[in-house]
Each structure stands twice: as structure tokens, then as C-alpha cells.
1. Using 0.36 nm per residue, how much length does the chain from K83 to E47 gain when fully extended, once their Cα-Cα distance is taken away?
2. How about region 57-120: which trypsin sites (Lys or Arg not before Pro) there lie in a loop by DSSP and see at most 14 other Cβ atoms within 10 Å?
3. Counting other C-beta atoms within 10 Å, and keeping those with at most 13, which DSSP coil chymotrypsin sites (Phe, Trp or Tyr not before Pro) do you find in region 1-62?
4. As I understand it, the value is the acute angle between the Cα axis of helix 2-24 and the longest principal axis of the Cα atoms of the chain; what does it come to in degrees, rounded to 10?
5. What does the helix-only formula give at 222 nm for the chain: each DSSP H stretch with n ≥ 4 adding -39500 (n - 2.57), the total divided by the residues, and the result rounded to the nearest 500 deg cm²/dmol?
6. Set Lys and Arg Cβ to +1 and Asp and Glu Cβ to -1, take the dipole of the chain about its Cα centre, and tell me which of P125, F19, A70 lies farthest positive.
7. Working from Cα positions, state the angle (0 to 90°, nearest 10) between the long axis of helix 49-69 and the longest principal axis of the chain.
8. Check each of the chymotrypsin sites (Phe, Trp or Tyr not before Pro) in region 52-113 and keep only those in coil by DSSP with at most 15 other C-beta atoms within 10 angstrom; list them in order.
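Every number here is computed from the coordinates shown, using simple stated rules; none is lab data. This structure is a prediction, so every number in the text was calculated from the model and none was measured. Glycine gets a Cβ as well: all are built from the backbone with ideal geometry, and neighbour counts include every protein chain shown.
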Amino acid sequence: MQAAVVAVCSAILVAGAGFHLYWGFGGRAGAGISLPQREDGSPAMKETAIGALAIGVILALVLLLVLSFAGLIDVPVPRWLLKTAIIVWAIIFTLRALSWSRYFGLFKRVRNTRFARYDSLLYSPACLVLGLGLFCLAMADAV
């Protein structure tokens, strides 16, 4: 079970990090649906290469955290600290998915934009799977 959770979480993190790094380095494919949009379709936030790169690096670091927590790579960090970080990221991803924000999350208010459709079908469910998967990893470690 743990191997399947690690595999699914890793696949989501690799895809997320890959897209964000691609956008950060100037890639354009999918960029039109990568940021929240207002009701009129205009961007709700400014797109920046630094922002995309930062998110890509953060997702890559979370991937390293998952792989090290699962024992697939060795890092010189105490187990309790890895577990704490896993729980913190589980909370972050779950809150992102279940957000009551205006523009993103399963309970968003703006639902008629291209981004909103992708968020409902892909981004928020992926964050929810990550959040629940990381919680499962942390709880399995307690047994």
C-alpha cells in the first residue's frame, strides 16, 4: 500500500514540478490555464518566471521529501523532522484542494473560466490526492 501511495504522490509531484519549471524557463504550452482567471477571463494574478520556478523547485523538494521519507533516498535529516514536514505538506495540499478561495479549490466561487474547469477536474483533485496520500504515509509510519 505504501509503495502505491509513494508512486502516485511522486507522479503528481514530478508532473507539477516539471510543468512549473518548464513555464519558468519560458515554455508556453498549458500556460493559458496555469493561473486563476477572473470572471471575464483576465488573469487574477501576474504570471512571472520567478514564481513558476519557485513553485517548481518547491514541488521538487517535496518530491525529495516523499522519497526520503519512504526510504528510497538517504538524507541526513532526523526521521521525526521528515514526518513533521510530511504532515505540514499534507495540510498545505489538502487546504489548497478544499479552499474556499474565490479562484481556486473545490469550493471556489468563480467556476466559469478555463482555469476553473481545469482546477475542478485536475488541479484540486491532484492536491487532494497528494494531501491524503501524505497523511496516509505519515500515519502508516506511526504503526
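1. 9.7 nm
2. Values: sites: R79, K83, R96, R102, K108, R109, R111, R114, R117; in loops: R102, K108, R109, R111.
For trypsin sites (Lys or Arg not before Pro) across region 57-120 that sit outside H, G, I, E and B with at most 14 neighbouring Cβ atoms in 10 Å, the list reads R102, R109, R111.
3. Within region 1-62, the qualifying chymotrypsin sites (Phe, Trp or Tyr not before Pro) (loop, at most 13 other Cβ atoms within 10 Å) are F25.
4. 40 degrees
5. For the chain, the value works out to -20500 deg cm²/dmol.
6. P125
7. Roughly 20 degrees between the two axes.
8. Answer in residue order: W100, F107.
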